[in-house]
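Just below is one structure, and these are the notes that go with it.
Throughout, read-outs are computed from the coordinates displayed, never taken from laboratory work. The model shown is predicted, which means the values in this text are computed figures rather than measured ones. Note that we place each Cβ from the backbone using ideal geometry, even for glycine, and neighbour counts take in every protein chain shown.
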Amino acid sequence: MSRPTILRVPPLSPQLHDTVGERYDAVDPADLATRAADVVGIVSSNAGRVGGDLIASLPNLGVIANHGVGYDNIDVSAALARGIAVSNTPEVLDDAVAETAIALLLAVRREVVLADRFVREGRWPDAQYPLTAQVAGSHVGILGLGRIGQAVATRLVALGCTVSYHNRHRVDDVPYAYAASPVELAAAVDSLVVVVPGGASTDALVDREVLDALGPDGVLVNVARGSVVDQPALVAALQDGRLGGAGLDVYADEPNVPAELTALDNVVLLPHVASGTHLTRAAMRDLTLANLASWLDDGTLRTPIPEMSAQ
Ligand code: NAP
Ligand code: 8YV
């Protein structure tokens, strides 16, 4: 029996790329000129766009298995209009991403990178490193108290922080204060952790007004998507001293990070690695492949995106 034809949309991790190749008749974008009609499934990840044009060019496409919980890289409307199933990888990455958010907050507030540089540059024998702010006892806002946001919140409480949040809807049974808007949340807290999905509904949700409400002693941590923060406004606020600092895992135009950001000392910059542990990436890979296998087997998905059940 012939094996199902699966399109690998780059970039994929080498392990995921190779496993799809071992299990299926794998094709890559360069093969599509002759193989488009054979493709029944796509494996993608957050940096690989699955746009309406690609979907339209694959007449027999039935499933898109995305390696990542966020799926703003996919034209979901185009997929669902064709009855194409779409899956993502929720929950298995909550701990890793929450850890990264905490690491960024601690790194910015305690100046971990600057203090490391101070030691490496041999400046310690001549001077004491300046005192820093402290995370314990501070008030932290979470913009997006979902699966990852709640994992961030429990870690913040363990660190001795007060937590408030903003979602479009209040969350039942959480011990955190609700703020009615991102600006209201930013004005109430010392630091703001952003962990909402990307896409049109959150585009530039963190704008100049939110950054100014956070203020000159405030710190922004973004582990969501670059699109959620107005990046030019963020750079200007940091340069002007209207915002105290930022810890960023995601950017507006990855992998390009503006020189204005890399020139600043009051930022810690990561290359979109929030879920990037061995343990978590293996679990994400397994879930992506399980979704694909399940759909090929009986047309169901382990973890369909919420829009599929809303249909
Ligand atoms: P989730 O469980 O769906 O939580 C998302 C939260 O955001 C929900 O509480 C939702 O509440 C809130 N939200 C959505 N739209 C909003 C809006 N317009 N304004 C205010 N709040 C809004 O998702 P998750 O699993 O925690 O993941 C969140 C996102 O993190 C992903 O979509 C992805 O983009 C990002 N992420 C990044 C990395 C990385 O490597 N940096 C890794 C994993 C995930 P309401 O619906 O009530 O508003
Ligand atoms: C990426 C992410 O998917 O889950 C998400 O939404 O942004 C990340 O976990 C991963 O880095 C690449 O596949």
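The dipole here belongs to region 1-40: it is taken about the Cα centre, uses +1 on the Cβ of Lys and Arg and -1 on the Cβ of Asp and Glu, and is about 80 debye.
Among Y129, Y178, Y71, the residue with the largest mean-square fluctuation in a Gaussian network model of the chain, with springs joining Cα atoms closer than 10 Å, is Y129. Taken about its Cα centre, region 76-197 carries a charge dipole of roughly 220 debye when the Cβ of each Lys and Arg holds +1 and the Cβ of each Asp and Glu holds -1. Against the chain, whose longest principal axis comes from its Cα atoms, helix 94-109 is set at around 30 degrees. Between R49 and R208, full extension at 0.36 nm per residue minus the direct alpha carbon distance yields a gain of 54.4 nm. Mean residue ellipticity at 222 nm, helices only, the chain: -10500 deg cm²/dmol; runs of at least 4 DSSP H residues each add -39,500 (n - 2.57), and the sum is divided by the number of residues. With the charge dipole of region 94-269 set up from +1 on Lys and Arg Cβ and -1 on Asp and Glu Cβ about the Cα centre, the Cα lying farthest toward the positive end among the listed residues N256, Y165, V210 is that of Y165. Here the Karplus curve 6.51 cos²θ - 1.76 cosθ + 1.60, taken at θ = phi - 60°, turns the phi angles of region 14-21 into couplings of x, 5, 5, 4, 6, 5, 4, x Hz, with x standing for Gly and Pro. By DSSP, the beta bridges lying fully in the chain are antiparallel in about 5 percent of cases. Highest GNM mean-square fluctuation among D126, D31, D72, for the chain modelled with Cα contacts below 10 Å: D126.
The slack between A293 and A115, meaning 0.36 nm per residue of separation minus the straight C-alpha distance, is 59.2 nm. Multiplying each eigenvalue of the alpha-carbon gyration tensor of region 94-269 by 5 and taking the square root yields semi-axes of 26, 19, 14 Å, largest first, rounded to whole angstroms. Kirkwood hydrodynamic radius of the chain, from the reciprocal of the average inverse Cα-Cα distance over all distinct pairs: 20.8 Å. Once the Cβ-Cβ distance of M308 and T34 is raised to the sixth power relative to R0 = 35 Å, the FRET efficiency obtained is 0.70. Here r is the Cβ-Cβ distance between E184 and D217 and R0 is 25 Å; the resulting FRET efficiency, rounded to 0.05, is 0.90.
Look at the dipole of the chain built from charges on Cβ: of M308, G51, A107, the Cα furthest out on the positive end belongs to M308. Label-to-label distance for V273 and A56 is 4.0 nm, based on points extended 7 Å past Cα in the beta-carbon direction.
Take the Cα of T162, step 7 Å toward its Cβ, do the same at D240, and the gap between the two points is 2.8 nm.
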